[in-house]
Amino acid sequence: MKAYALFTILLATAISTSLAITPVAAQTPVGEIENHIAAAKTAAGQDYRATFVNLCFPTPLPGGPRGAAALLVPRPAPDRGIWYASPYQVFDNLYWLGTRQHSSWALKTSAGLIIIDTNFAWATQPEILDGLAKLKLNPKDIKYVILSHAHGDHDQGVATLQKYGARIVMGAPDWDVTLKRAADVAGGVPTRGPNDIAVGPEGAKVSLGDTTVDIVFTPGHTPGTLSYVFPVKDKGKTVMVAYSGGTLTGAFGNDGKRWDEYIDSQKRMAQAAAAAGASVILSNHSEYDNAYTKARLVAVKREVGEDNPFIMGAQSVQNYFTVMEECATASKLRNGAK
């Protein structure tokens, strides 16, 4: 209760400060901004508080390399004690290979493995390759690596995994940016061969054995951000997953087209999730979907009536995208974007 009370106080302060000190907010009725924030807060509830705070009240980036550029700078691994996490099997055929902050996933099919997102370069060996070995999975069975977007905290392991013969799937605009990186960028630059896939606005389907990943083109966080819908098994029962590929709105400023693109992407992904009956929401940042915590809870004995902790329900999945849409709309108005 104390932690929740503190969160409520900080949240109230953030709302007050955000609305009071932003000059462009005066161009839009404050009540309209507040209404969108209130809708996001209601949708977030207790499940998506971090998503709500980060999106509705973004913190300005510090000095130095900014945004994606900062994530591409070669640097030594931080102290292992603040990021390393053991790998976990979270569904019959889905495995979490993340750090405490960032997630990578292995989807096992009847014809091999699909890796979703690859983390920082310094996490590729200990989290993904060593993690697969601990889970008795073979990196040689990786057939596809699907990238949600081309930021270093998610794609620096691609070039390494490509050496196992994996086909790389990435949004077409993000492929274009990736191939222009300097050769000494952290993790190296992946090559794009004839069997690799560049996904455009029409989306794509990646099928491997008995599993198909429906890829939804959701630009906004980056020009080529991808999100997914795919099935997993929970004790033999099929469960549908919605995977949100990019969260923060970045420095959109007063560029209305960027805001609208992001908002439209959330609506499109929400519709895809609803059509599939998705009851699981996943992300590439543990602060948004609590993957690090939930992965460790999966092994805990379930009492009668208890679900896998990753299964949140169809309405909860829709609530996640409502938070993203409403916060982005509030921020667009706050920035005076047209």
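Scanning the range 167-194 for residues that are of a type in the set (Lys, Arg) and surrounded by 13 or more Cβ atoms within 10 Å (Cβ to Cβ) gives ARG167, ARG181, ARG192. Hey, PHE252 hits all of (1) over 25 Å from GLY313 (Cβ atoms); (2) at pLDDT 95 or above; (3) crowded, with 20+ Cβ neighbours inside 10 Å but one; which does it fall short on? Unmet condition: (2). One residue alone among GLY236, GLY245, GLY305 is touching a Ser or Thr at 6+ places or on another chain (Cβ under 7 Å) and either crowded, with 20+ Cβ neighbours inside 10 Å or over 26 Å from PRO201 (Cα atoms) (or both), and that residue is GLY245.
Taken as a whole, the condition of being over 16 Å from the mean Cα position of the chain (by Cα), over 19 Å from TYR95 (Cα atoms) and polar (S, T, N, Q) applies to THR191. Considered as a group, the residues in the range 206-233 that are under 18 Å from ASN119 (Cα atoms) and among the polar types (S, T, N, Q) include one that is surrounded by the fewest Cβ atoms within 10 Å (Cβ to Cβ), and that residue is THR222. Here the strands (runs of 3 or more DSSP E) wholly within the range 132-241 that include at least 2 residues being charged (D, E, K, R) and under 28 Å from SER279 (Cα atoms) are 226-234.
In the set THR191, THR222, THR178, only one residue is in contact (Cβ under 8 Å) with a residue 24 or more places away in the chain and over 24 Å from LYS143 (Cβ atoms); that residue is THR222. Considered as a group, the residues in the range 96-114 that are touching a Leu at 6+ places or on another chain (Cβ under 6 Å) and crowded, with 23+ Cβ neighbours inside 10 Å include one that is farthest from VAL232 (Cα to Cα), and that residue is SER104. Of everything listed in (1) touching a residue at least 24 places away in the same chain (Cβ under 8 Å); (2) in a helix (DSSP H, G or I), the single unmet condition for THR293 is (1).
The values are calculated or read from the model by the stated rules, or taken from the named source; none is laboratory data. Just so it is clear, the model here is predicted, and its values are computed rather than measured. Neighbour counts run over all protein chains shown; Cβ positions are idealised from the backbone, glycine included.
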